[in-house]
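The values are calculated or read from the model by the stated rules, or taken from the named source; none is laboratory data. All values reported here derive from a predicted model rather than from experimental measurement. All Cβ positions, even for glycine, are placed from backbone atoms using ideal geometry, and neighbour counts span all protein chains on display.
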């Protein structure tokens with residue numbers, strides 16, 4: 001038998017998300033009247049990561065959207081967490097940017113305290129605990145990858161705070177296109193060139209088949225002791241060259257009559 | 001560790017029990033009119049967005065919560081327990097992880113099977129692992145399975161309005177041998193010789209009730225669990241992938257995986 005409501009709601013500390021529900025109601029009311037509230041900038045996105053023989057390769061597209069408009073044609077979605085750990089972010093751009101910066105800062109302090117290079121699992125724990133605390137209201141879907149003393153690791157982290165540790169992951173609106181490429185061509189213990197090609201192709205699949213992803217392909221290759229941040233790794237969408245010119249030379253339209261008016265402006 | 005957050009509406013979770021729940025906001029904070037409106041709105045995802053025009057077929061990351069649709073099961077036998085789970089995690093209609101490990105170690109000889117919201121169950125399991133580890137160090141002996149189950153129950157009951165978690169706790173301890181405790185949605189805790197859970201469990205109650213016998217051996221329990229989970233995975237859309245099994249006994253934990261093509265075969269309908 002399912003009991004329903006608890007009668008006594010004593011103050012339990014922590015966050016209250018009551019206003020979020022109120023805002024949702026207000027938003028629905030506004031929409032009914034025909035207006036729309038400003039859209040948050042999202043990174044529509046295709047992000048992915050793969051574990052290969054010597055480390056991990058992370059990849060991302062570079063389009064940031066505000067509703068149906070491209071806000072940034074070349075934004076950077078691979079964020080620094082620590083010298084050996086990087087994180088791709090999909091979802092609300094502000095959320096991914098801030099979340100990764102906060103965890104990067106805390107991880108640096110932690111690393112100084114332990115005297116060791118930080119572990120990917122630590123970054124994962126910090127991120128999942130923070131996102132769970134905010135119950136999904138921080139719209140950050142992340143692909144976290146890096147190499148530490150335990151080896152190369154790759155995690156996918158969802159906005160509600162669940163994580164999966166896998167050999168290959170994709171996130172974002174273009175994730176289905178990218179996952180199709182991975183499921184077809186992934187093999188364990190690939191060489192670096194093959195892994196980079198695979199990630200490049202997966203992101204390309206997202207760029208060309210998903211409206212929310214576009215522009216260039218950024219890659220980040222992390223191995224033990226070295227990080228290659230390749231931005232851009234592949235310019236998949238070059239801006240076209242204008243073939244026509246609408247500029248008119250001086251003297252194209254002759255000025256036959258001159259009228260001069262003197263105007264006085266009291267100062 | 002506190003989980004003091006207000007429940008955010010979930011969509012795409014396949015646990016049937018959820019649809020029967022009635023949620024109302026905190027008493028006394030709103031007028032009755034608003035309360036009624038709130039009750040209706042709470043059925044929808046709380047983070048309503050004007051910018052989500054995407055097709056329902058693929059997930060919008062800020063809205064759909066990741067759910068371990070699931071079929072999980074645990075059986076006691078003389079000398080230990082056998083636990084099993086499928087390996088599918090879904091976000092709406094998309095399978096986010098097809099090789100999930102839903103058998104989570106809480107202590108050396110105590111495991112839990114997770115069903116419901118992936119985020120909630122992972123967070124609860126992490127918290128209980130910490131609490132039980134601390135308790136075990138204080139006691140300087142192996143913790144009881146009942147203790148682990150009680151910790152799960154306390155958390156699941158206290159935060160029942162905010163959580164969506166159905167958990168089966170199973171393990172071996174020196175005092176009472178192999179034990180299975182079930183902590184379903186809502187926070188009840190009870191010991192059972194065999195327990196099934198998750199969205200796929202509805203389809204196999206009949207099979208389990210008719211095929212379970214007390215006093216089965218370890219191999220018989222493994223076969224029983226594998227077959228039951230296969231049947232559940234066959235019929236439940238939110239369950240699938242591989243079958244993960246584990247045997248917990250005094251000797252320790254033996255894990256195995258049964259891949260898709262190796263699953264027991266039943267007559268194809």
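Annotations for the structure displayed:
- Checked against the criteria, residue B:253 does not count as free of Cβ contacts under 8 Å to residues at least 24 places away in the same chain, in contact with a strand residue (DSSP E or B) (Cβ under 9 Å, 6 or more places away or on another chain) and either surrounded by fewer than 20 Cβ atoms within 10 Å (Cβ to Cβ) or in a loop (DSSP other than H, G, I, E, B) (or both).
- Residues of segment B:132-145 that are surrounded by 19 or more Cβ atoms within 10 Å (Cβ to Cβ) and outside any loop (DSSP other than H, G, I, E, B): B:132, B:145.
- Some residue of segment A:72-85 being within 11 Å of chain B (Cβ to nearest Cβ) and either surrounded by fewer than 19 Cβ atoms within 10 Å (Cβ to Cβ) or closer than 24 Å to residue A:15 by Cβ (or both): no
- Residues being out of contact with any strand residue (DSSP E or B) (no Cβ under 7 Å at 6 or more places or on another chain), within 12 Å of chain A (Cβ to nearest Cβ) and outside any helix (DSSP H, G or I) - total across segment B:96-131: 2
- Filtering B:228, B:246 for residues that are crowded, with 21+ Cβ neighbours inside 10 Å, in contact with a helix residue (DSSP H, G or I) (Cβ under 8 Å, 6 or more places away or on another chain) and touching a residue at least 24 places away in the same chain (Cβ under 8 Å) leaves a single hit, B:228.
- Just so you know, in segment A:8-40 the residues that are more than 7 Å from chain B (Cβ to nearest Cβ) and at pLDDT below 65 include one that is nearest to residue A:94 (Cα to Cα), and it is A:11.
- Residue in segment A:103-124 that is touching a strand residue (DSSP E or B) at 6+ places or on another chain (Cβ under 8 Å), within 14 Å of chain B (Cβ to nearest Cβ) and farther than 22 Å from residue A:224 by Cα present: no
- Those residues of segment A:168-193 which are assigned to a strand (DSSP E or B) and touching a helix residue (DSSP H, G or I) at 6+ places or on another chain (Cβ under 6 Å), in sequence order: A:168, A:170
- Matching residues, segment A:125-150, being within 14 Å of another protein chain (Cβ to nearest Cβ), surrounded by fewer than 22 Cβ atoms within 10 Å (Cβ to Cβ) and closer than 24 Å to residue A:52 by Cβ: none
- Here residue A:132 fulfils each of the conditions (1) part of a helix (DSSP H, G or I); (2) closer than 20 Å to residue B:96 by Cβ; (3) out of contact with any helix residue (DSSP H, G or I) (no Cβ under 6 Å at 6 or more places or on another chain) apart from (3).
- Within segment B:126-143, one or more residues are modelled with pLDDT of 95 or more and within 15 Å of the chain's Cα centre (by Cα).
- Residue B:83 within 12 Å of another protein chain (Cβ to nearest Cβ), modelled with pLDDT of 95 or more, within 13 Å of the chain's Cα centre (by Cα) and under 27 Å from residue B:175 (Cβ atoms): no
- Output for segment B:146-165, where each listed residue is within 20 Å of residue B:102 (Cα to Cα) and touching a helix residue (DSSP H, G or I) at 6+ places or on another chain (Cβ under 8 Å): B:148, B:151, B:152, B:155, B:156, B:163, B:164, B:165
- Any hit, segment A:100-121, residues being within 23 Å of residue A:174 (Cα to Cα) and either surrounded by fewer than 24 Cβ atoms within 10 Å (Cβ to Cβ) or in contact with a helix residue (DSSP H, G or I) (Cβ under 9 Å, 6 or more places away or on another chain) (or both): yes
- Filtering segment B:192-207 to residues that are surrounded by fewer than 23 Cβ atoms within 10 Å (Cβ to Cβ), touching a residue at least 24 places away in the same chain (Cβ under 8 Å) and not in a loop (DSSP other than H, G, I, E, B) leaves B:202, B:203, B:207.
- Complete set of residues in segment A:194-228 that are over 18 Å from residue A:144 (Cβ atoms), under 16 Å from the mean Cα position of the chain (by Cα) and assigned to a helix (DSSP H, G or I): A:204, A:206, A:207
- Annotation: of all residues in segment A:157-169 being within 10 Å of chain B (Cβ to nearest Cβ) and in contact (Cβ under 8 Å) with a residue 60 or more places away in the chain, the one that is farthest from the chain's Cα centre (by Cα) is A:167.
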